[in-house]
Amino acid sequence: MIPLPRRPLLAGLLALPCAARAAAPSAAPVQALLNGLAALCKSGKSTPFATRAATFAPIVDASFDLQAILIASIGPRWTGFPPQAQADLLAAFRAFTIASWVANFDSDDGQIFELTPTPRQIGADEAITTRILPPTGDPTRLDFVMRNTNSTWKAIDILIDGSISRAAVQRSDFRGLLKDGSPAPLTASLKAKAAELAH
């Protein structure tokens with residue numbers, strides 16, 4: 001993922017309505033992601049973190065274009081990184097993304113997650129709208145921006161409240177770690193964060 005909003009907003013994407021069905025092809029990966037989150041919540045902390053992460057990793061790979069997200073978050077500097085540095089950074093970003101989802105979805109707090117199966121167009125991409133409905137308080141909206149590459153739909157961004165791009169927020173967060181032109185500090189930071197989330 002793509003780093004997520006703060007846990008209080010996300011802890012309840014757990015009581016996934018079984019009746020929710022993805023009508024558009026672009027909505028299917030989002031529905032699969034939600035099903036995976038529901039399974040994570042059911043297993044909870046009684047299941048070792050590493051086991052939950054290993055189970056959820058293929059869902060992240062199928063739902064998100066992590067390389068496209070990472071490139072968008074880094075910007076033009078990406079093309080200047082050596083291939084091995086790119087591979088190391090992508091692996092660290094993937095591990096951090098998986099750990100973020102697993103750490104945030106470790107119990108069922110009774111919130112409801114709604115998916116609107118009809119997408120809205122954003123240029124050539126499509127956005128699938130979802131909402132978190134907590135037991136009390138206002139709902140939180142997350143739009144998954146989906147892109148069709150080689151006939152496969154994957155998320156390339158998440159819009160919080162329908163407008164705040166997580167890729168743009170990450171770009172700001174990453175800037176300081178990339179100021180010397182080397183990806184090594186960002187790679188190390190993502191590895192450390194993933195390890196911290198796993199404890």
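Identify, please: which residue in the range 182-199 is touching a residue at least 60 places away in the same chain (Cβ under 8 Å) and within 17 Å of ILE69 (Cβ to Cβ) and is, among those, surrounded by the most Cβ atoms within 10 Å (Cβ to Cβ)? Applying the filter and picking the extreme gives LEU190.
Considered as a group, the residues in the range 139-155 that are under 20 Å from GLU114 (Cα atoms) and at pLDDT 95 or above include one that is farthest from the chain's Cα centre (by Cα), and that residue is TRP153. Within the range 36-54, at least one residue is at pLDDT below 95, assigned to a helix (DSSP H, G or I) and closer than 22 Å to ALA167 by Cβ. Filter the range 136-166 for residues that are β-branched (Val, Ile, Thr) and in contact (Cβ under 8 Å) with a residue 60 or more places away in the chain; which is nearest to ARG94 (Cα to Cα)? Among them, the one singled out is ILE156. Among the candidates ILE158, ILE164, single out the residue that is buried (at least 19 other Cβ atoms within 10 Å of the Cβ), among the β-branched types (Val, Ile, Thr) and under 19 Å from ALA68 (Cα atoms). Answer to the check: ILE158. With the condition kept exactly as written, say whether any residue in the range 84-104 is surrounded by fewer than 18 Cβ atoms within 10 Å (Cβ to Cβ) and assigned to a loop (DSSP other than H, G, I, E, B). For the range 84-104, residues surrounded by fewer than 18 Cβ atoms within 10 Å (Cβ to Cβ) and assigned to a loop (DSSP other than H, G, I, E, B): absent.
Residues in the range 167-181 that are surrounded by 14 or more Cβ atoms within 10 Å (Cβ to Cβ), free of Cβ contacts under 8 Å to residues at least 60 places away in the same chain and either in a loop (DSSP other than H, G, I, E, B) or touching a helix residue (DSSP H, G or I) at 6+ places or on another chain (Cβ under 8 Å) (or both): 1 in all.
Residues in the range 133-144 that are out of contact with any Ser or Thr (no Cβ under 8 Å at 6 or more places or on another chain) and buried (at least 18 other Cβ atoms within 10 Å of the Cβ): THR140 only. Only one entry of ALA155, ALA194 meets the criterion of being within 28 Å of ALA87 (Cα to Cα) and assigned to a helix (DSSP H, G or I), and that entry is ALA194. Within the range 23-54, if we keep just the residues that are crowded, with 16+ Cβ neighbours inside 10 Å and hydroxyl-bearing (Ser, Thr, Tyr), the residue that is farthest from THR130 (Cα to Cα) turns out to be SER43.
The listed residues are ILE74, ILE69, and the only one of them that is in contact with a strand residue (DSSP E or B) (Cβ under 9 Å, 6 or more places away or on another chain), surrounded by 20 or more Cβ atoms within 10 Å (Cβ to Cβ) and in contact (Cβ under 8 Å) with a residue 24 or more places away in the chain turns out to be ILE69. In the range 108-125, of all residues being surrounded by 17 or more Cβ atoms within 10 Å (Cβ to Cβ) and either aromatic (Phe, Trp, Tyr) or touching an Asp or Glu at 6+ places or on another chain (Cβ under 8 Å) (or both), the one that is nearest to LYS42 (Cα to Cα) corresponds to PHE113. With the condition kept exactly as written, say whether any residue in the range 140-152 is of a type outside the set (Lys, Arg) and over 19 Å from ASP65 (Cα atoms). Yes, the conditions are met somewhere in the range 140-152.
The values are calculated or read from the model by the stated rules, or taken from the named source; none is laboratory data. Fair warning: this is a prediction, and the values are worked out from it, not measured in the lab. Note: ideal-geometry Cβ built from the backbone for every residue, glycine included; neighbour counts use all protein chains shown.
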